[in-house]
Amino acid sequence: MNTEFVLYARYQKPYVHLEDICEEYFNLCAKKAKQAAASQQLPVPVVRMSDSRKAPYMVRLKDLAEYLDNRHQMYSDTWEMIKGTRSVE
């Protein structure tokens, strides 16, 4: 199943508020997520749709999907090597 498609189905928009996803995907409370976003320390790019400091941080679902897929692949590869189902390349 396509991760990006599933995220679009869930949120029904291409960009979501950081606060809506920070706990589930980054294990950060909203306050810590905003601090990380301000210094670009999150694993995905965040943007503000205006120049106002009060504008919410937004995350593009395509970027989130790529991040999730990459994490899954990395841990799947490690798991397969430990279990011996894949040879080291």
Exercise for the section: Evaluate the relative contact order of the chain (contact order divided by residue number), counting alpha-carbon pairs under 8 angstrom at least 6 apart; express in whole percent. Expected result: 30
Practice task
Roll a 1.4 angstrom probe over the protein heavy atoms and tell me the percent of accessible area of the chain that is carbon or sulfur.
Solution key: 51
Exercise for the section: Determine the dipole magnitude for the chain: charges of +1 sit on the beta-carbon of Lys and Arg, -1 on that of Asp and Glu, nothing else is charged, the reference point is the Cα centre, and the result goes in debye to the nearest 20. Expected result: 420
Fill in the blank from the handout: accessible surface per residue for the chain, probe 1.4 Å, DNA/RNA/ligands not counted, whole Å² -> 74
Handout entry: Candidate lysines - alpha carbon under 17 Å from residue 83, same-chain residues fewer than 8 apart omitted
Key = none
Handout entry: For the chain, built as a Gaussian network whose Cα springs stay under 10 Å, the top-fluctuating residue of 25, 11, 75
Key = 75
Completion exercise
Length-normalised contact order of segment 27-66, Cα under 8 Å, at least 6 apart, in percent, tallies to 30
Fill in the blank from the handout: Applying the span-like rule to the chain (DSSP H, Cα extent along axis at least 15 Å, Kyte-Doolittle mean at least 1.6) gives none
Practice task
Match the structure shown to one of the listed values (1) 121; (2) 273; (3) 102 of volume of the Cα convex hull per residue in Å³, computed from it, and give that label.
Solution key: (1)
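The values are calculated or read from the model by the stated rules, or taken from the named source; none is laboratory data. The structure presented is a predicted model; accordingly, all values stated were derived computationally and were not measured. Don't worry about glycine lacking a Cβ; one is built from the backbone with ideal geometry, like all the others, and counts go over all protein chains shown. SASA here: full protein model, heavy atoms, side chains in, ligands and nucleic acids out. Shrake-Rupley method; radii C 1.70, N 1.55, O 1.52, S 1.80 Å.
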